[in-house]
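Please treat every number below as a calculation from the coordinates, not as lab data. Predicted model, so just to flag it, every value in this text is computed and none were measured. All Cβ positions, glycine included, derive from the backbone under ideal geometry; neighbour counts span all protein chains shown.
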Amino acid sequence: MAADFDNLIAELERSYRELQARMSDPSVYNDHREAADVGRKLKELEGPYKLAQEWRSAREDLTAARDDADLRELVPELEQRTARLEEELRLAMVPNDPADEKDVILEVRQGVGGDEAALWAGDLYRMLARYAERRGFKVEELGASASEGGGYKEVTFAIKGNGAYRVFKWEGGTHRVQRVPETEAQGRIHTSTATVAVMPEAEEVEVNIDPNDLKIDVYRSTGPGGQSVNTTDSAVRITHLPTGVVVAMQDEKSQLQNKDKAMRVLRARLYERELELRRAELDATRRSQIGTGERAEKIRTYNFPENRLTDHRVKLTVHQLDRILQGELDEFTEALATEDRRQALGE
């Protein structure tokens, strides 16, 4: 086992040095696409490479301490340090998801709970948008269907910035809320849900869509109560016939703008479908992100009376819900990413 780990580290160091040499090669440097590719790979290996140097240094110090009577009392501390660095290094060397660096498209929908679920969908959207802004990402609303009670039946938005998918992929699933609705006269706590779908935004070259596979309908935009809010047929509905995926957009006044936005969401949905198929081949038991949206099926519970958020995937509970709703989700993102790497390492 130790020999295998040593070989792994030697391979990591060799790859890092090779990439450094390629980065200095004029033929690579002058080819922008190849230079960007080599630069990205070099950046990915930078953290593990530095950890490997620390681990080597700690192991040398440990060997020296074991062989020197004056330093023997340092052995337990150095053993702990070497073991910790080895664990960190193993986690750092788990391959990244190829979609991690992409922009991301999110769809938040009301689940079970009527008007209260629609209000909760709006709160979730604002929480995720605030989190994106805190992390330095740009938020772009693509389309929204408001409910009569003031929330959202559905809202679709893009988060742009390097590594956006890596941060937001943990938000996909059913989010359950427990709180007293404003309309509840008896002060009883109600349980509602909203679902979040998270999709890496795909480039046109990554998802080849045959125009003959598309059915495009145009119609007039409607407001929350179903009344027409536009005098022209600017709303667009695109159906991808081979898969049955349907995307509708109506927020823009221009039919062309609505079509462009709908195509972006369609590409993202088809790309996510392809990723799901690949993941399913690796893990046949992996559940779909959204599930059914039923109350019992959830990734998180947000309990307002107790100011508590629990993430059921990593059994993490924090009693600062007010702060989290302002977009302070880093603790959960880090815990989920670490657990995912531990599981991948186990596999």
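R0 = 45 Å: FRET efficiency of Lys253 with Asp330, Cβ-based, nearest 0.05?
So, using R0 = 45 Å, E works out to roughly 0.75.
Treating only the Cβ of Lys, Arg, Asp and Glu as charged (+1, +1, -1, -1), what charge dipole size does the range 2-92 show about its Cα centre? Round to the nearest 20 debye.
The dipole magnitude comes to about 400 debye.
Can you list the lysines whose alpha carbon is less than 24 Å from that of Lys138, not counting same-chain residues fewer than 8 positions off?
Once the sequence-local lysines are set aside, what remains near Lys138 is Lys43, Lys102, Lys153, Lys160, Lys169, Lys253, Lys259, Lys261.
Taking the dipole about the Cα centre of the chain, with the C-beta of Lys and Arg at +1 and of Asp and Glu at -1, give me whichever of Leu321, Met263, Gln186 is farthest to the positive side.
Of the candidates, Gln186 comes out farthest on the positive side.
Stretched out fully, how many nm does the piece from Lys315 to His190 gain, at 0.36 nm a residue minus the Cα gap?
Stretched out fully, the Lys315 to His190 stretch lengthens by 42.7 nm.
In degrees from 0 to 90, rounded to the nearest 10, what is the angle of the helix 2-24 Cα long axis to the longest principal axis of the chain?
70
For the chain, what does the helix formula give at 222 nm: sum of -39500 (n - 2.57) over DSSP H segments with n ≥ 4, over the residue count, nearest 500 deg cm²/dmol?
Helices in the chain give a 222 nm mean residue ellipticity of -15000 deg cm²/dmol.
Among Glu77, Glu140, Glu107, determine the one that fluctuates most according to a GNM of the chain built with springs between C-alpha atoms less than 10 Å apart.
Glu77
Along the positive direction of the dipole of the range 1-149 (beta-carbon charges: Lys, Arg +1; Asp, Glu -1; about the Cα centre), which of Gly47, Ala129, Leu142 reaches farthest?
Among Gly47, Ala129, Leu142, the one farthest towards the positive end of the dipole of the range 1-149 is Leu142.
Determine the dipole magnitude for the chain: charges of +1 sit on the beta-carbon of Lys and Arg, -1 on that of Asp and Glu, nothing else is charged, the reference point is the Cα centre, and the result goes in debye to the nearest 20.
In total the dipole reaches around 1100 debye.
Hey, in the GNM for the chain with a 10 angstrom Cα cutoff, which one of Leu62, Leu336, Leu106 fluctuates hardest?
Leu62
Once Lys and Arg get +1 and Asp and Glu get -1 on their Cβ, which of Gln20, Ala36, Ala10 lies farthest toward the positive end of the dipole of the range 2-92?
Value computed over the given set: Ala36.
On C-alpha positions alone, give me the angle between the axis of helix 75-92 and the longest principal axis of the chain, in degrees, nearest 10.
That helix lies at roughly 40 degrees to the long axis.
Expressed as an acute angle from 0 to 90° and rounded to the nearest 10, what is the orientation of the C-alpha long axis of helix 330-346 relative to the principal long axis of the chain?
Taking the Cα atoms of the chain, the angle to 330-346 is about 60 degrees.
Given springs between every Cα pair under 10 Å in a Gaussian network model of the chain, which of Asp25, Asp103, Asp123 has the largest fluctuation?
Comparing Asp25, Asp103, Asp123 in a Gaussian network model of the chain, the most mobile one is Asp25.
Given the C-alpha centroids of the range 82-143 and the range 27-66, what is the distance between them in whole angstrom?
Centre-to-centre (Cα) distance: 28 Å.
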